[in-house]
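K.L.:
Structure below; questions to follow.
The values are calculated or read from the model by the stated rules, or taken from the named source; none is laboratory data. Just so it is clear, the structure is predicted and the values come from calculations on it, not from any experiment. In this analysis, Cβ positions are derived from the backbone assuming ideal geometry, glycine residues included, and neighbour counts consider all displayed protein chains.
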Amino acid sequence: MKLKMMWDRNARAAACLAGALMLVAPSSVSAQTCAQLRNEIANLTQALANDERALANCTSHLGTCTLGQTQSWERAIMLVEQEIAADRLRLATVCGPPQIAHLSLDGMEVTQAIQDMSNSVTLIAGKTTWVRVYLGTTGSARAVTARLEATRTGGGTTTISPSAHVTVDPSNTLEARRRDWTKTLNFQLPASVIAAGTVTFRLVSVANVGTGTVTISCVTCANTTLVHFLSQPPLVVRAVGLTYQFGTPSQSAAPSALDFALLRSWLGRAYPVASVTYSQTSTASTSTWPFDCTQADAQLAAIRASDISAGTDARTHYFGLVSNQGGYMRGCANGIPTTPDPATTASGPTGPTASGIRPINVTGDTDGSFGDWYGGHELGHTYGRFHPGFCNGNSADDPAFPYPSGQIGSGIATSYVGLDTGDRAHSIPLAVLWPTSSFDIMTYCNQPQWLSAYSYEGVRRRLLDENPGFHVMGVLAEAGVPPQAGPMVHVTATVNLTRGTGAIAYVTPVERAAPQPSVGERAALVVRDAAGRELSRTPVALRETTDIPEGEDKTALVDAAVPFDPVMAEIDLVVDDRVLAQYRNVATPPSAPSDLRLGTAANAPSDTAAPTAAGRTLTWAPAVNANGTVTYTVQISNDGNAWSTIAVGLTEPKVTLGPEHAGAKMARVIASSGFRSAPPVVIQLNP
């Protein structure tokens, strides 16, 4: 048996040697085509691998092969190697010069909303992130692909595939590639990569796409890019739709579901946050149409004061949406705070981009609602952003704005380029926003409007200022703005600075209130007793209205809380030592409302309200109070602990619930004289 095994090994070695000798036979050399020659090299390479494995088996298992057998394998390997080398020398003659595609890695841009080639814009942990890889070539255009390695400091490595291959064309400049998403290799980063921390990116497995045997040469592809992802507080926004009646016969105007949805989407895509802590509600305007944005902001301030008193996060920014169905309300904020002040409210118009009265700079907006970017502008004021000037009468209030013509960048090929990552749910595609044709959100220029790097970083810093103690590289450390505590009375008033007039719009008892921003010496709220004696004097800020066209009256809002006093009977609004408005009422609290009922859409009483209360009207018997004025605040809740305000300053004992209130489990009504409130009365909306 041993003799037979040795004969088999010798026979195989002899056969291999014979096969190798046949392969080097010169008879067919002159007739070979390029394809045949490449095929022969491939076959020889496979034969060489087989022979090398056989020889390795002999040397690894001593005694299994004789010396002659080992020498036979070695001879076969030598002959095959010689033939491969000879064939490769003939490649240039038969096939022409070797095909090598010389590529260069010209940079990696790690972008979320706006970025430059140096990756100088702060990257927000958890925010949708793309890496754009810029490849160049000195040869012919070539379709290539690659993979991206992302290595986290102190963590592992993740390998990511591109969204598609790219054709690298020598005629494409860096500007041409940055303008066109399809001219770069693009990698969307998974959640594990964009957590807070440091990440190093490296391009690997660069390869030709398609047929052929082109060799890819890219020396600079070994270069790495290092970036840091920083934690950022969320954007906390409550959107309030202010509904109103207009026309004859009377019609109801309200923001659409799309208006709300696109506002939330736009803020999440454009603002420097990974998430938007978003809530929404609708309420009837307490002002008769047509009303202006100062009146809208005043109502929002009163609603916000009630919410903060009920426990709402003091970081919440309130924004009002007013439909353009009955006309057009220009938007504004009640001031531009130079220090953190989430109590600054703002409002703006909304509606379809293709019909109705629309903003002059709506041109280019096709997503169905202009309320999204318009809201982004007005909320920008509440985060301390001023107008840089440029386009359609935009006032020049920000001399530090760095880019020409209101653009989001200079237009230099390596400078800032915007990226809208899109929203598939609303058919908004991903889009590269070139700086010379895209404009900063704080201008009045045409679309697309976006946050320049200057505005982006400004909002990011203000968000951090509103969250003292927040750790950008660590775990989210909730640190909201601490409210004032103790029994107080919140006052919202409007002031016409040009005419020297004012009005106190809302007076509401509260247990907590937002802290006051820095105040000047011009305005104060003076509390008096029934005999007119001064009990307290509280300096307050005049929050000057933004976005006032040249030639129109300058207006402002007062949004402040004063200490409660048991004998208080009057509040005076004093501006420049003049009393512009007074609020007087009885010092005694009103009685509580009674007989709360949830009626049908036609307001017929029903004791078996459906779980979805949308469209139903909540009514109650007025508080019995022979003296003074009584107003009502209505709030809803899901658990009886957290309450949100859906109406404030009501004088009629009813409120209609909107679609966004459908899931609420309970409602409560609070009657108030302004100085004191009756105990709240609760009704179950979903028994």
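K.L.:
Looking at (1) modelled with pLDDT of 95 or more; (2) over 19 Å from residue 106 (Cα atoms); (3) not in a strand (DSSP E or B), which is the one condition that is false for residue 154?
P.N.:
Single failed check for residue 154: (1).
K.L.:
Which one of 225, 243 is part of a strand (DSSP E or B), modelled with pLDDT of 95 or more and farther than 27 Å from residue 165 by Cα?
P.N.:
243
K.L.:
Right, next: Among the numbered conditions (1) part of a loop (DSSP other than H, G, I, E, B); (2) in contact (Cβ under 8 Å) with a residue 40 or more places away in the chain, tell me where residue 652 comes up short.
P.N.:
Result: residue 652 passes all but (2).
K.L.:
Would you check which residues across the stretch 120-151 are charged (D, E, K, R) and assigned to a strand (DSSP E or B) and list them?
P.N.:
Once the filter is applied, which keeps residues that are charged (D, E, K, R) and assigned to a strand (DSSP E or B), the stretch 120-151 yields 132, 142, 147, 149.
K.L.:
So, in the stretch 530-580, of the ones that are of a type in the set (S, T, N, Q) and crowded, with 17+ Cβ neighbours inside 10 Å, which residue ends up nearest to residue 385 (Cα to Cα)?
P.N.:
Going through the qualifying residues, I end up with 546.
K.L.:
While we're looking at this one, here's another question. Identify the single condition in (1) assigned by TED's automatic domain parsing to the domain that holds residue 202; (2) of a type outside the set (A, V, I, L, M, F, W, C); (3) not in a strand (DSSP E or B) that residue 88 does not satisfy, given that it satisfies every other one.
P.N.:
Going through (1) assigned by TED's automatic domain parsing to the domain that holds residue 202; (2) of a type outside the set (A, V, I, L, M, F, W, C); (3) not in a strand (DSSP E or B) one by one, residue 88 breaks only (1).
K.L.:
Every residue in the stretch 623-645 that is within 15 Å of residue 682 (Cα to Cα) and not aliphatic (A, V, I, L, M), please.
P.N.:
Scanning the stretch 623-645 gives 632, 633, 635, 637, 638, 639, 640, 641, 643, 644, 645.
K.L.:
If residue 128 satisfies all but one of (1) polar (S, T, N, Q); (2) under 22 Å from the mean Cα position of the chain (by Cα); (3) buried (at least 20 other Cβ atoms within 10 Å of the Cβ), what's the number of the condition it fails?
P.N.:
Exception for residue 128: condition (3).
K.L.:
Of the conditions (1) modelled with pLDDT of 95 or more; (2) among the charged types (D, E, K, R); (3) assigned to a strand (DSSP E or B), residue 511 fails just one. Which one is it?
P.N.:
The single condition residue 511 does not satisfy is (1).
K.L.:
Can you say whether residue 238 is modelled with pLDDT of 95 or more and crowded, with 23+ Cβ neighbours inside 10 Å, as far as the supplied structure shows?
P.N.:
Here the answer is yes, as residue 238 does meet what is asked.
K.L.:
Looking for whichever is surrounded by fewer than 23 Cβ atoms within 10 Å (Cβ to Cβ) and either under 25 Å from the mean Cα position of the chain (by Cα) or among the basic types (Lys, Arg) (or both) here; the options are 366, 286, 350. Which one fits?
P.N.:
Residue meeting the stated conditions: 366.
K.L.:
Need the failing condition index for residue 647 against (1) surrounded by fewer than 22 Cβ atoms within 10 Å (Cβ to Cβ); (2) over 14 Å from residue 598 (Cα atoms); (3) touching a strand residue (DSSP E or B) at 6+ places or on another chain (Cβ under 9 Å); (4) not basic (Lys, Arg), just the number.
P.N.:
Exception for residue 647: condition (1).
K.L.:
Being charged (D, E, K, R) and within 21 Å of residue 415 (Cβ to Cβ): is that true of residue 169 here?
P.N.:
Against the criterion (charged (D, E, K, R) and within 21 Å of residue 415 (Cβ to Cβ)), residue 169 does not qualify.
K.L.:
Restricting attention to the stretch 597-637, which residues are modelled with pLDDT of 90 or more and part of a loop (DSSP other than H, G, I, E, B)?
P.N.:
630
K.L.:
Another question about this same structure. Which of (1) buried (at least 24 other Cβ atoms within 10 Å of the Cβ); (2) within 17 Å of residue 444 (Cα to Cα) is the odd one out, the single condition residue 358 does not satisfy?
P.N.:
(1)
K.L.:
With 193, 204 as the choices, which residue is part of a loop (DSSP other than H, G, I, E, B) and β-branched (Val, Ile, Thr)?
P.N.:
Step by step, each of 193, 204 is checked, and only 193 is part of a loop (DSSP other than H, G, I, E, B) and β-branched (Val, Ile, Thr).
K.L.:
Something else now. Go through the stretch 619-678 and give me each residue that's hydroxyl-bearing (Ser, Thr, Tyr), within 24 Å of residue 491 (Cβ to Cβ) and within 31 Å of the chain's Cα centre (by Cα).
P.N.:
644, 645
K.L.:
Another question, then. Under 24 Å from residue 487 (Cβ atoms), at pLDDT 90 or above and not assigned by TED's automatic domain parsing to the domain that holds residue 254: is that true of residue 674 in this structure?
P.N.:
The answer is yes for residue 674.
K.L.:
Looking only at the stretch 154-173, decide whether some residue is within 28 Å of the chain's Cα centre (by Cα) and among the charged types (D, E, K, R).
P.N.:
no
K.L.:
Is it fair to say residue 200 is among the β-branched types (Val, Ile, Thr), within 18 Å of residue 115 (Cβ to Cβ), at pLDDT 95 or above and in the same structural domain as residue 134 (by TED's automatic domain parsing)?
P.N.:
Yes.
K.L.:
Have a look at 528, 499 and point out the one that is assigned to a loop (DSSP other than H, G, I, E, B), in contact with an Asp or Glu (Cβ under 8 Å, 6 or more places away or on another chain), outside the structural domain of residue 616 (by TED's automatic domain parsing) and of a type outside the set (A, V, I, L, M, F, W, C).
P.N.:
Just one listed residue meets the conditions, 499.
K.L.:
Also: Look through 503, 493, 513, 485 and report the one residue that is within 35 Å of the chain's Cα centre (by Cα) and surrounded by fewer than 22 Cβ atoms within 10 Å (Cβ to Cβ).
P.N.:
485
K.L.:
For residue 523, which of the numbered conditions (1) under 33 Å from the mean Cα position of the chain (by Cα); (2) more than 28 Å from residue 589 (Cβ to Cβ); (3) buried (at least 21 other Cβ atoms within 10 Å of the Cβ) fails to hold?
P.N.:
The failed condition is (1).
K.L.:
Shifting gears a bit: Could you tell me which of the residues 148, 174, 189, 242 is assigned by TED's automatic domain parsing to the domain that holds residue 287 and touching a residue at least 24 places away in the same chain (Cβ under 8 Å)?
P.N.:
Being assigned by TED's automatic domain parsing to the domain that holds residue 287 and touching a residue at least 24 places away in the same chain (Cβ under 8 Å) holds for just one of 148, 174, 189, 242, which is 242.
K.L.:
A further question follows. Please determine, by comparing only the residues of the stretch 157-190 that are in a strand (DSSP E or B) and among the polar types (S, T, N, Q), which one is farthest from residue 418 (Cα to Cα).
P.N.:
Step by step, filter the stretch 157-190, then rank; the result is 157.
K.L.:
Also, I was wondering about something else. Being under 22 Å from residue 267 (Cα atoms), crowded, with 23+ Cβ neighbours inside 10 Å and of a type in the set (A, V, I, L, M, F, W, C): is that true of residue 386 here?
P.N.:
no
K.L.:
Do the conditions hold for residue 256, that is, is it of a type in the set (S, T, N, Q), more than 19 Å from residue 557 (Cα to Cα), surrounded by fewer than 22 Cβ atoms within 10 Å (Cβ to Cβ) and modelled with pLDDT of 95 or more?
P.N.:
Spelling it out, residue 256 is indeed of a type in the set (S, T, N, Q), more than 19 Å from residue 557 (Cα to Cα), surrounded by fewer than 22 Cβ atoms within 10 Å (Cβ to Cβ) and modelled with pLDDT of 95 or more.
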